[in-house]
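Trainee: Here it is, the structure in full.
The values are calculated or read from the model by the stated rules, or taken from the named source; none is laboratory data. Note that the structure is predicted; figures quoted are calculated from it, not measured. Please note: Cβ atoms are built from the backbone with ideal geometry, for glycine as well, and neighbour counts cover all protein chains shown.
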Protein chains: 2
Amino acid sequence: MKRRVFLKSALALGGTAAIAAPAIAQSAPQIRWRMTSSFPKSVDITFGAGEYFAKLVSDLTDGKFVIQQFAAGEIVPGLQALDAVQSGTVEAAYTGLLFYVGKDPTYSLTSSAPFMMNPRAQNAWYYHGGGMTMTHEFLRKQKVVAYPCGNTGMQWGGWFKKEIKTVDDLRGLKMRIAGLAGNIASRLGVVPQQIAPGDIYPALERGAIDAVEYIGPYDDEKLGFHKVVQRYYSPGWQEGGTIFHGVFNLEKFNELPPLYKKAIEIASQATTLDMLAHYDAKNPEALQRLISQGVQVSLFPNEVLMKIFEETEGFYKGLVGSNPEFATMFNHQREFMKKSNMYQQVADFQYDLMMFRTKRIVSQ
Amino acid sequence: MKRRVFLKSALALGGTAAIAAPAIAQSAPQIRWRMTSSFPKSVDITFGAGEYFAKLVSDLTDGKFVIQQFAAGEIVPGLQALDAVQSGTVEAAYTGLLFYVGKDPTYSLTSSAPFMMNPRAQNAWYYHGGGMTMTHEFLRKQKVVAYPCGNTGMQWGGWFKKEIKTVDDLRGLKMRIAGLAGNIASRLGVVPQQIAPGDIYPALERGAIDAVEYIGPYDDEKLGFHKVVQRYYSPGWQEGGTIFHGVFNLEKFNELPPLYKKAIEIASQATTLDMLAHYDAKNPEALQRLISQGVQVSLFPNEVLMKIFEETEGFYKGLVGSNPEFATMFNHQREFMKKSNMYQQVADFQYDLMMFRTKRIVSQ
């Protein structure tokens, strides 16, 4: 604000000041952008991450660069956020790139794909494993630039009316399941349904669907699935950690002053940390509440998971054979994961395992 | 830079411009700070995180706020970094607050303490569990403000000459082991040694010590321990995730314009993500190299870990009884961890476990 006052008074002087003014205007112009979110306000940690990101950008530019977020449907429907940025209807979107697997399954790899990376590996791949460059190259052809701007952590495997003992128990289930996971589930006899968040509960209640995967305890609780179904399954083989992105129209982004580009990049990075921390703080409390209301946490039997994995491998093999861009990114991630998993299973995973074992002693 | 040019030309006009000038100077003054690191340049990811942080602050302030980092020993020795900030010798330090447990064991809880949180829980606690406020309150009395500004991930349990089969195998070992872990190890008969990084290898080679814990594969490899000792133990019960901080003189920090404070806060947050991602990308490769040179990765037997844990609980009980500030933060973290561990063991941990099980299939 102070700079604006100065600019005005300087301009009032005319002459010399008028020559200097464009320099200021160029390095710190007042800019307003619209950012369409793929999420309703009710998914408050995720929608809130978009708000947090926009606030940081404003704070880091002394209020000069203002990005206003709109909820899904206010400008365009949630799943048209990417299109709206590409066409220039809005300058920015807050969205999950995995929503656009219909355009190209490669989008899934930039965000979350079945049996792929967890959040720590995703960060390592993006920031120090070549992933950022690879993603930017892919997205440049789509006329957008994007930065990871939030992570939900593992999403849950879903709510099921009946117990899943073998992979055959999945056959014939009408399940709300999104993205590539839907394709994979259908290979196992599941009948995947695409249902908007607000319509899931009624569908479940009237028996139109038998199962649903949405996000995790904190968000699922609000949609009320536990009032109809009590079996809550983990792990969510379909999403080990889901990255949401700030997506920007490439041309508009390139016109920004360097400082504003940096503010977007760093605010996104800080938001990635903040949103996962937020879910990690809130999910445990939500799960406790759900359990106290009769929800039964269940783990998929290992054989079921390995059957789904085999089916997933077959599915990926087809994509690798038919889509060179998918193949390049997939193979790069798999190579990275191989090293990362080898390491983590003897390192940080062992620390966590040790801590779970101390529990009995602590609670004595 | 452009703003400076403008400021000069505006000042040259005198009169009206001179009234406006302080507003600009106040909101974006040129400031140079010195930041003393506790680390030598050879610990390049950690030292590099300090460089990365300083670069972000400069980028986010258009080069106006310059923080220059100095390696341990260039201004003050590594372990006097906090004192140098408190006395005002330097404005900032990049350090591990756990190094100052001699002043107060509470420092350990802000950074890393035996059998406490992993990096995800640490972030959840700091950013959405009340930890930032609690830490700031503790540090205000020490005349500093600090933000988490990096995380190493789990540090390894150490290099041992002989196999550790029972807790009795620890008795009599001369071990380089730092901080509270040294106190705990001594309760188990270990003779803890404080040795500066550069002196560890010679001490190990000439048999002055039998064991050493330092950081993890990437850093340990450079110090060459594997040339003398082949047994490398996990998990590092002493540090489940070590946070380093940017520490700032409270008075100097309070004098900063709001934009610069925000730049410090957000650059720190982005660095926390970046440094862990860096270690997570580099540690797996380093461990592979070590294994190819004959290093044997060993896991501490569960009974050994549980004995160390019992001893740790006894040690903590003493601190809780004698140090009210430690007690408050410790109980707060333990309450948080209880919920977090309950959740993670049925959630993201199960995802990781599933992925490790797919390994056989993937590598076929």
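Trainee: Within segment A:29-77, which residues are of a type in the set (Asp, Glu) and without any contact (Cβ under 8 Å) to a residue 24 or more places away in the chain?
Mentor: Kept after step one, since they are of a type in the set (Asp, Glu), are these residues of segment A:29-77: A:44, A:51, A:59, A:62, A:74.
Answer for segment A:29-77, where residues must be of a type in the set (Asp, Glu) and without any contact (Cβ under 8 Å) to a residue 24 or more places away in the chain: A:Asp44, A:Glu51, A:Asp59.
Trainee: Here's something else I'd like to know. Which is within 14 Å of chain A (Cβ to nearest Cβ) and either outside any loop (DSSP other than H, G, I, E, B) or within 15 Å of the chain's Cα centre (by Cα) (or both), of B:Tyr107, B:Tyr147, B:Tyr94? Don't jump to the end; show me each part of the working.
Mentor: Details: B:Tyr107 fails: within 14 Å of chain A (Cβ to nearest Cβ); B:Tyr94 fails: within 14 Å of chain A (Cβ to nearest Cβ).
Among B:Tyr107, B:Tyr147, B:Tyr94, only B:Tyr147 is within 14 Å of chain A (Cβ to nearest Cβ) and either outside any loop (DSSP other than H, G, I, E, B) or within 15 Å of the chain's Cα centre (by Cα) (or both).
Trainee: Shifting gears a bit: Across segment B:286-309, what is the number of residues that are within 10 Å of chain A (Cβ to nearest Cβ), assigned to a helix (DSSP H, G or I) and touching a residue at least 60 places away in the same chain (Cβ under 8 Å)? Explain how you work it out, then say what you get.
Mentor: Within segment B:286-309, the first condition is being within 10 Å of chain A (Cβ to nearest Cβ), and the residues that meet it are B:286-288, B:291, B:297-300, B:302, B:305-306, B:308-309.
Right, trim to assigned to a helix (DSSP H, G or I) and you get B:286-288, B:291, B:302, B:305-306, B:308-309.
The next check asks that each one be touching a residue at least 60 places away in the same chain (Cβ under 8 Å); those that pass are B:286-287, B:305, B:308-309.
Within segment B:286-309, residues that are within 10 Å of chain A (Cβ to nearest Cβ), assigned to a helix (DSSP H, G or I) and touching a residue at least 60 places away in the same chain (Cβ under 8 Å) number 5.
Trainee: Follow-up question, since we're still on this one. Filter segment B:310-349 down to residues that are of a type in the set (Phe, Trp, Tyr), more than 11 Å from every other protein chain (Cβ to nearest Cβ) and over 26 Å from A:Lys282 (Cα atoms), then give me how many there are. If you could, list the steps in order and put the result at the bottom.
Mentor: We begin by selecting, within segment B:310-349, every residue of a type in the set (Phe, Trp, Tyr); these are B:315-316, B:326, B:330, B:336, B:343, B:349.
Of the ones still in play, those that are also more than 11 Å from every other protein chain (Cβ to nearest Cβ) are B:315, B:326, B:330.
Going one step further and asking which of them are over 26 Å from A:Lys282 (Cα atoms), we end up with B:315.
Within segment B:310-349, residues that are of a type in the set (Phe, Trp, Tyr), more than 11 Å from every other protein chain (Cβ to nearest Cβ) and over 26 Å from A:Lys282 (Cα atoms) number 1.
Trainee: Looking at this structure, is A:Lys338 closer than 27 Å to A:Trp125 by Cβ, within 24 Å of the chain's Cα centre (by Cα) and part of a helix (DSSP H, G or I)? Reasoning before the result, please.
Mentor: On the way: closer than 27 Å to A:Trp125 by Cβ: yes; within 24 Å of the chain's Cα centre (by Cα): yes; part of a helix (DSSP H, G or I): yes.
Yes; evaluated as a whole, the condition is true for this residue.
Trainee: Follow-up. If we only count strands (runs of 3 or more DSSP E) wholly inside segment A:166-277, which ones have 2 or more residues that are at pLDDT 95 or above and either buried (at least 24 other Cβ atoms within 10 Å of the Cβ) or of a type outside the set (Val, Ile, Thr) (or both)? Working first, answer last.
Mentor: Values: elements: A:174-176, A:191-193, A:231-234, A:243-249.
Because the criterion is at least 2 residues that are at pLDDT 95 or above and either buried (at least 24 other Cβ atoms within 10 Å of the Cβ) or of a type outside the set (Val, Ile, Thr) (or both), the strands (runs of 3 or more DSSP E) in segment A:166-277 that meet it are A:174-176, A:231-234, A:243-249.
Trainee: Considering only residues of segment A:119-134 that are among the polar types (S, T, N, Q) and more than 7 Å from every other protein chain (Cβ to nearest Cβ), which is nearest to A:Pro148 (Cα to Cα)?
Mentor: Taking segment A:119-134 as the starting set, the residues that turn out to be among the polar types (S, T, N, Q) are A:122-123, A:133.
Now narrow it down to the ones that are more than 7 Å from every other protein chain (Cβ to nearest Cβ): A:122, A:133.
Values: A:Gln122: 10, A:Thr133: 12 Å.
Checking each candidate, the answer is A:Gln122.
Trainee: Moving to a separate point now. Yes or no: segment B:122-134 includes at least one residue that is aliphatic (A, V, I, L, M), within 27 Å of B:Lys339 (Cα to Cα) and touching a Leu at 6+ places or on another chain (Cβ under 6 Å).
Mentor: Checked segment B:122-134: no residue is aliphatic (A, V, I, L, M), within 27 Å of B:Lys339 (Cα to Cα) and touching a Leu at 6+ places or on another chain (Cβ under 6 Å).
Trainee: Let me ask something else. Step by step: first the residues of segment A:228-279, then only those that are acidic (Asp, Glu) and within 18 Å of A:Glu91 (Cβ to Cβ), then the one that is farthest from the chain's Cα centre (by Cα). Which residue is that? Working first, answer last.
Mentor: First, the residues of segment A:228-279 that are acidic (Asp, Glu): A:239, A:251, A:255, A:265, A:274.
Next cut, within 18 Å of A:Glu91 (Cβ to Cβ) only: A:251, A:255, A:265.
On the way: A:Glu251: 24, A:Glu255: 27, A:Glu265: 16 Å.
Per the criteria, the residue is A:Glu255.
Trainee: How many residues does segment B:235-279 hold that are more than 7 Å from chain A (Cβ to nearest Cβ), within 18 Å of A:Ala267 (Cβ to Cβ) and of a type in the set (Lys, Arg)?
Mentor: Adding up the residues that qualify gives 1.
Trainee: In this structure, does B:Asp280 turn out to be closer than 24 Å to B:Gly78 by Cα and touching a residue at least 12 places away in the same chain (Cβ under 8 Å)? So that I can check it myself, show each step before the final result.
Mentor: Values: closer than 24 Å to B:Gly78 by Cα: no; touching a residue at least 12 places away in the same chain (Cβ under 8 Å): yes.
Spelling it out, it is not the case that B:Asp280 is closer than 24 Å to B:Gly78 by Cα and touching a residue at least 12 places away in the same chain (Cβ under 8 Å).
Trainee: Can you tell me which residues in segment A:291-338 are in contact with a His (Cβ under 9 Å, 6 or more places away or on another chain) and surrounded by fewer than 16 Cβ atoms within 10 Å (Cβ to Cβ)?
Mentor: Scanning segment A:291-338 gives A:Gln293, A:Gly294.
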